[in-house]
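Accompanying notes for the structure given below.
The values are calculated or read from the model by the stated rules, or taken from the named source; none is laboratory data. Only a predicted model underlies this, so the values are computations on that prediction, with no experimental measurement involved. Here Cβ is always computed from backbone atoms with ideal geometry, including for glycine, and neighbour counts include all displayed protein chains. These area figures cover heavy atoms from the full protein model, side chains too; ligands, DNA and RNA do not enter into them. Shrake-Rupley method; radii C 1.70, N 1.55, O 1.52, S 1.80 Å.
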Amino acid sequence: MIKDVMDTAKHKMNKTKDVLRSDLMAIRAGRANPQLLDRITVDYYGTPTPLTQMANISAPEPRLLQISLWDSKMLSTVEKAILKSDLGLTPSNDGKVIRLMLPELTEERRKELTKVVRKNAEEAKVAIRAIRRDAMEQFKKMKKDAEITEDDQKKAEEDVQKLTDAAIKDVDKICADKEKEILDVR
């Protein structure tokens, strides 16, 4: 029983770290990355569809993203979706492909992005602490229901705390790596 609770907590903490990594992937650090467009959805004949499922996205130059749509009738719809997004990019098209020129990041914008990274990291830490709290409550309930001894409960709580500390340390490392990437001026 304790093992099940621990496994569940560990799985949820790893999932939280994965979500943080994917959220941080969308924050650009100066060079074009096709993953920047992963969160954009387009109204494709009445169905919200991820842009990545309706186009080939490439980065032919360090600061340029090129979107080759499989259905060229969707050019204007995709452009509108990009303009509506929080990326702050202006698309241009030549009738066949959409190009997104990524501007050079200013020092001020880099600092804003690091704040966003820290905010995301803090949200991940809060989620990890909530997972720990849920596990602790389950251990208390098991003790109350006489399913485990008090010693087992203390040991399980120590183990889940170690798991939490390790997960938070990982989040801090992920955050620090992304901040370094953002502040790195080439």
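Of the residues that sit in the range 96-106 and are without any contact (Cβ under 8 Å) to a residue 60 or more places away in the chain and more than 18 Å from Ile57 (Cβ to Cβ), which one is least open to solvent (accessible area, probe 1.4 Å)?
Looking at residues that are without any contact (Cβ under 8 Å) to a residue 60 or more places away in the chain and more than 18 Å from Ile57 (Cβ to Cβ), I get Pro103.
Need pairs with beta-carbon distance below 7 Å; first residue in contact (Cβ under 8 Å) with a residue 12 or more places away in the chain and within 30 Å of Lys17 (Cα to Cα) and within the range 130-151, second part of a helix (DSSP H, G or I) and open to solvent by 70 Å² or more (accessible area, probe 1.4 Å); sequence gap 6+ or separate chains.
From the range 130-151, the pairs are Ile131/Lys12.
Does the range 113-169 hold any residues that are within 16 Å of Ala9 (Cβ to Cβ) and polar (S, T, N, Q), and which are they?
Listed by number, the residues that qualify are Gln138, Gln153, Gln161, Thr164.
If we keep just the residues of the range 12-46 that are open to solvent by less than 30 Å² (accessible area, probe 1.4 Å) and at pLDDT 85 or above, which is nearest to Ala121 (Cα to Cα)?
This residue is Leu20.
Would you check which residues across the range 47-89 are among the hydrophobic types (A, V, I, L, M, F, W, C), open to solvent by 40 Å² or more (accessible area, probe 1.4 Å) and assigned to a strand (DSSP E or B) and list them?
Hit for the range 47-89 is Ala59, nothing else.
Name the single residue, out of those in the range 142-177 being among the hydrophobic types (A, V, I, L, M, F, W, C) and outside any helix (DSSP H, G or I), that is surrounded by the fewest Cβ atoms within 10 Å (Cβ to Cβ).
Selected residue: Ala146.
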